[in-house]
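Here is the structure we will look at, set down as structure tokens.
The values are calculated or read from the model by the stated rules, or taken from the named source; none is laboratory data. What you see is a predicted model, and the numbers here were worked out from it, not measured in a lab. Here the Cβ positions follow ideal geometry from the backbone for every residue, glycine too, while neighbour counts run over all protein chains shown. The protein model used for the area step is the full one, side chains on, heavy atoms only, and it has no ligands, DNA or RNA in it. Shrake-Rupley method; radii C 1.70, N 1.55, O 1.52, S 1.80 Å.
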Amino acid sequence: MTQTQPSRTRWLGLAALSLGVAMIIVDATIVNVAVPAVVKDLGLDSTEAEWVNTTYALVFAALLVTLGRVGDLVGRRITYVLGAAVFAVASMLAGVAPNGGLLIAARLLQGLGGAAILPATQSILNNSFRGRERALAFGLWGATIGGMAAIGPLLGGWLTTNLSWRWAFYVNLPIAAVAIAGTLLYVRETRDETARAGWDPIGFLLVTFGLSSFVFGLVEGRRYGWWSSLRPFSAFGWTWPLDSVSIIPVSIGAGVLAIAAFAWVELRRQRAGRFFLFDFDLWRYPAFRFGNLAGTIVSLGEFGLLFALPLFLQGVIGYSAFETGLTFLALALGAFASAGAAGVLTGRLGARRVVSLGMALEAGGILATSLLISTQVNGLALAVPLFVYGIGVGFATAQLTNIVLSDIPTERSGLASGTNATMRQLGSALGIAILGTVLFSGLADGTRDRLAGAAVLPPAAREAVVTVIDASAGQALPGLRADPRGAAVVPAIEDAFVSAARMAGLVAFAFVVLGLGLSFLIPAPTAQPRQVVRVPQQAQEQGA
């Protein structure tokens, strides 16, 4: 798809690409609401239930860089189409899964498809639009991400309540079909015509293992213990052999070492003129460097509310899955409403200022929402700050991607897109780990302290209540509230939950403010990505 392609066709192509992005973003959040029903229907244990969510994020993050490079070489459109087809097949397998093992395998396959879709869409947009159209295109793309992340819980709650949890996966089939058809009709193929053919198996294994191991440690740290082992880890018939030391520090350390080894291997291959997966020269572009740093930091807190607030609303306020999703509709509306305005504002203020404005709105929305959290709050009271937060997400997400890719040569945009998406995904994983620790530690410690102060239970009974609340992420609270024997402990638990959720929100606010500060270091993007002129080795030698 080139700039000479008719404008109407390019926008129809954008719509088809946005459907694929919507599908993978929704699937990252829709399943959270459906997991309790999955556990009950398939009889999953706690470890299997955890892996239903974790597998998708692990594979998705680990393969973004590699599949971004594949798109550069074989073509971004075909990579996107194959990714959407794999995602559709995996969704069908997940929907018909008779047991937890097949469901987890299907989620792994979904992660593979999603990792092919996301960098391909960014690269195609980077090749297809210029000037004000580029800002508007990325605005619509960013609004899709922000809005779909908020709609996921709403859609998941409705489908699970009215149909079945299996429809949380079946819904992807018609979306994938339309996305594939629209892409084949309206998107032209692009690739890196100057890329050196080849394969880098060592680099692929190192980056895949490194990112998988690192993200696993971040996501599962609280479950298995950040240092001391809290519970045994088992996978595929193998059990972690150490009782005193958790698998988590070993996993994170191994991931860091593998990523460092990957960097060393890639630099050597690049200097030797051999095929490589990761182009470290991209970090020489200031917009790419500072944009990625700001985006990663913001990702630590950007979707923190999507993690903490649903648990609070269902545990303390007593909302159903559908009512919880409905609360986030204001965020989705804000993200969609910002799409058109983002392009106009970018033309007037510049992309960097729109990014800073978006991050400021996100910070304000998160802060206001956090301060409103109480045992009496409801969805209507949260609508305004969530709407403001959604507008900020729409501004910042879209135009930050626009900035990151603005100076990158179009033929290298697959690598750049994969790197950008990977860093945002890693930032989100780290943010969930940090916010989860803040929320659950605050809930457990706060419940223990308040029950001890109230002196309504003997010590052994207090610890039993704390264990139940901690293990259920606070979702045992409605059951205690309904049981007359638990009435005496409910106020203490609710008060602890309010404090913990508010603290998690304030930590998310602090991350976004830090990202806002970094955004001021981003230079204004150039109007046209620079092209790389590659001089053949023979010519270099003659010139020397």
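Pop out the ³J(HN,Hα) list for segment 183-189 in order, Karplus 6.51 cos²θ - 1.76 cosθ + 1.60 with θ = phi - 60°, rounded to Hz; leave Gly and Pro as x.
After applying 6.51 cos²θ - 1.76 cosθ + 1.60, I find 5, 5, 7, 10, 10, 8, 6 Hz.
Provide, as a two-decimal number, the C-alpha radius of gyration of segment 274-374 over 2.2 N^0.38 Å, N being how many residues it has.
1.42
If I model a spin label as a point 7 Å beyond the Cα along the Cα-Cβ vector, how far apart are those points for residue 460 and residue 96 in nm?
Going from the residue 460 label point to the residue 96 one covers 5.2 nm.
Considering the Cα trace of segment 184-294, what is its radius of gyration and what is Dmax, both in angstroms?
Reported Rg and Dmax, both Å: 18.9, 58.
Once both labels are modelled 7 Å past Cα along the beta-carbon direction, what's the residue 178-residue 272 spacing in nm?
4.9
Expressed in nm to one decimal, what extension gain is obtained for the pair residue 256 and residue 374 from 0.36 nm per residue of sequence separation less their Cα-Cα distance?
That works out to 38.5 nm of additional length.
Accessible area per residue of segment 67-117 at 1.4 Å probe, in Å²? Mind showing how you got there, number by number?
Numbers: 1490 Å² over 51 residues.
Averaged over the residues of segment 67-117, the accessible area is 29 Å².
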